[in-house]
Structure formats: structure tokens, C-alpha cells
Amino acid sequence: MKPRLLRFPWFCVLLCSVLGVAVAAAAERYTIAVVPMGTTHQYWKQVHTGALKAQAELRAAGVPVEIIWKGPLREDDRDQQVQVVENFMARRVSGIVLAPLDARALAAPVEQAVKAGIPVVVVDSPLQSDAPVSTIATDNYHGGRLAGRRLGELLGGEGNVILLRVQVGSASCEAREQGFLDELAENFPGLKVISSNQHGGATRNTALGASQNLLTRFGREVHGIFTPNESTGAGMLVALSNAGLGGGKVKLVAFANSRDFVDAIRAGDLHGLVLQDPEKMGYLGVKSVVQVLRGEPVPKLVDTGVVVATAENLDDPEVVALVGK
């Protein structure tokens with residue numbers, strides 16, 4: 001007697017296939033490379049905190065995610081950042097979250113990664129390319145205009161102003177600088193920009209040198225200064241103090257997220273601080289990459305917001321959340 005063959009209804013076979021796919025999808029692990037502009041400034045440490053927060057939430061929801069954090073030491077090392085991105089592409093990571101320190105130099109490696117099937121989400125600073133699946137950043141131009149408005153109000157619309165730029169190619173800082181200049185030109189015609197062509201560079205030491213040179217030349221006539229990032233703000237604070245121009249003798253407005261700058265506001269050495277939300281950028285960057293990998297849609301552009309901190313609102317919950325207690 002021949003053994004009877006077991007026959008399964010077609011829907012049972014289909015059900016098993018669907019369950020097999022679901023189990024495979026649930027077990028899929030994602031390796032997300034997070035590449036900051038640099039690794040020394042407090043700002044990037046906050047981006048890292050946000051990325052780790054997203055990793056923890058995803059793991060708790062049953063989505064296996066591993067964050068790899070790696071970037072150049074300094075924010076002026078374009079070649080190093082390009083190499084980091086290319087190395088991650090060669091390792092076939094699942095996705096990349098990138099804060100490009102040069103809007104043009106990082107375009108080609110990002111486009112190559114996307115062509116290789118590795119989605120890239122850009123945070124903090126835009127890239128001159130349509131390849132990234134999403135850009136998550138501050139409206140830097142708007143932030144620069146807020147800085148200009150703050151300085152204009154502090155000076156009563158009259159006086160001489162210095163803009164200490166950061167470095168050529170940094171799209172986020174260049175947008176802040178342009179926003180600042182446009183705000184003064186349109187709404188504070190009584191303010192004269194006596195210097196706007198000097199760059200402080202990516203480190204506090206280079207920014208200090210540039211700041212000292214500016215104050216040596218313009219220290220007797222300058223009334224207000226804008227510095228568009230952490231390194232230029234830190235360098236200018238030291239230079240003003242060394243030149244005997246701290247404590248409000250020259251009004252300084254900066255653009256950065258750092259506890260040191262909050263202390264400078266309390267001490268009366270800094271008079272306005274434009275704050276971003278770097279933790280949110282890191283968090284949403286990782287979340288967005290995973291969404292893309294799971295076939296879910298993400299917005300092409302996300303504005304993470306901007307706030308101006310002053311001596312009057314330092315203890316507001318919104319400000320405290322961005323710089324800590």
C-alpha cells in the first residue's frame with residue numbers, strides 16, 4: 001500500500017510564505033553610519049546623543065539597529081570626510097547619516113553611495129545634490145537673520161559691525177552669514193559692516209588668531225560682532241576678553257550650542273546665542289534612514305527649528321532643552 005501524500009490547501013502554502021517573509025524582515029539588521037563634520041565640538045556630541053536615542057527606541061521596538069559613529073577630527077578636513085563616506089560604502093552599511101562639511105566635495109561620494117543602494121540622509125547642512133533621500137536641518141538663513149536682528153536691536157540700529165566668517169564651502173555657515181548681512185541691509189541701514197571677508201576656520205585656535213587680527217585693526221571702532229559657529233564664537237570671546245573689550249563693551253552674537261556660551265551670556269560677555277536642535281537632527285536622521293530601508297516614505301526636507309537665547313530667557317524650558325542645565 002502506497003503512503004498517502006499530504007496535501008496542503010493553497011492558502012496554507014501562501015500563509016507560510018508570508019510568515020517566512022515577515023520573519024526574515026523582522027530579523028533583518030540595519031547598520032547605520034553616522035558621519036559628523038567633526039568630533040570635537042559639543043554640537044556634534046549632541047548629534048551623537050540623538051542618534052543613540054533613535055537606536056535605543058528602534059531596538060526597543062524590535063528593529064535591530066547598530067549605529068557606527070565616525071567622522072574627521074576637525075571640521076575642515078574634507079578629504080578625511082570623503083574617505084570616511086567611501087569606506088562605509090565599501091563596507092556596505094545599510095544607510096548613512098551625513099553632515100557634509102562641504103556642500104560640493106561630498107556630493108560625488110553621496111551620489112555613488114545612493115547608486116550602490118545605500119540611502120543617505122543629510123543633516124545640519126545641505127548638499128548640492130538631489131541624491132539624499134532627506135535633508136534634516138535648521139533654516140540657517142533664517143537663523144542668520146535672527147542674529148542680525150538681535151545685534152541690530154542691541155545697537156539701537158547704529159554703529160559698526162564685524163562678521164567673522166567660518167570657512168569656504170560650509171553651506172550651513174554661509175547661509176547664516178548671508179542671512180545676517182541681508183537682515184542688516186534691509187532693516188538696519190544705520191549699521192555699517194566694516195569687515196566681512198575674514199574666515200576664522202574650524203578650530204578655536206585659528207578663530208582666535210583671526211579674531212585677534214580683526215580687533216587689532218578695528219578694536220577702537222567696532223560696536224558689534226557676529227560669529228556663525230562654535231569655533232568662531234569661542235575664539236572671539238577669548239579675543240575680546242584679552243583686548244579688554246568683553247563685558248558688553250562690544251556686543252557679540254553667536255550661533256552655537258554649547259554650555260560654555262550660556263555661561264558667557266550669564267557673565268555679560270555674550271549678548272545673543274542662536275540655538276539649533278542637533279539632538280533632534282541625529283535622532284531624525286537615523287529614524288529616517290530606517291524608514292527608507294523599510295520601504296516607508298520620508299519628507300524631502302525637515303526644518304528642526306531655531307531659537308535665540310538671551311539673558312532674559314536662559315531659563316525658559318525651550319532654551320534649557322537645547323543647551324542643558
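Every read-out reported here was derived from the displayed coordinates using simple, explicitly stated rules and does not represent laboratory data. The model shown is predicted, which means the values in this text are computed figures rather than measured ones. Cβ sites come from the backbone with ideal geometry, for glycine too, and all protein chains shown count toward neighbours.
A residue that is in contact with an Asp or Glu (Cβ under 9 Å, 6 or more places away or on another chain), of a type outside the set (S, T, N, Q), more than 30 Å from Gly62 (Cβ to Cβ) and touching a residue at least 24 places away in the same chain (Cβ under 8 Å) cannot be found anywhere in the stretch 278-297. Test Lys251 against the stated conditions and say whether it is in contact with a His (Cβ under 6 Å, 6 or more places away or on another chain) and either touching a residue at least 24 places away in the same chain (Cβ under 8 Å) or surrounded by 18 or more Cβ atoms within 10 Å (Cβ to Cβ) (or both). Taking the combined requirement at face value, the residue satisfies it.
One residue stands out among those in the stretch 43-65 that are surrounded by 14 or more Cβ atoms within 10 Å (Cβ to Cβ) and touching a Lys or Arg at 6+ places or on another chain (Cβ under 7 Å): the one that is farthest from Ser170 (Cα to Cα), which is Val65.
Filtered by the rule that a residue be surrounded by fewer than 21 Cβ atoms within 10 Å (Cβ to Cβ) and part of a strand (DSSP E or B), the stretch 271-298 gives no residues. Return yes when Thr203 is under 23 Å from the mean Cα position of the chain (by Cα) and more than 15 Å from Val253 (Cβ to Cβ) and no when it is not. Judged against the criteria, Thr203 is a match.
Please verify whether Leu301 is surrounded by fewer than 17 Cβ atoms within 10 Å (Cβ to Cβ) and touching a Lys or Arg at 6+ places or on another chain (Cβ under 8 Å), treating the condition exactly as stated.
Working: surrounded by fewer than 17 Cβ atoms within 10 Å (Cβ to Cβ): yes; touching a Lys or Arg at 6+ places or on another chain (Cβ under 8 Å): no.
No, not satisfied.
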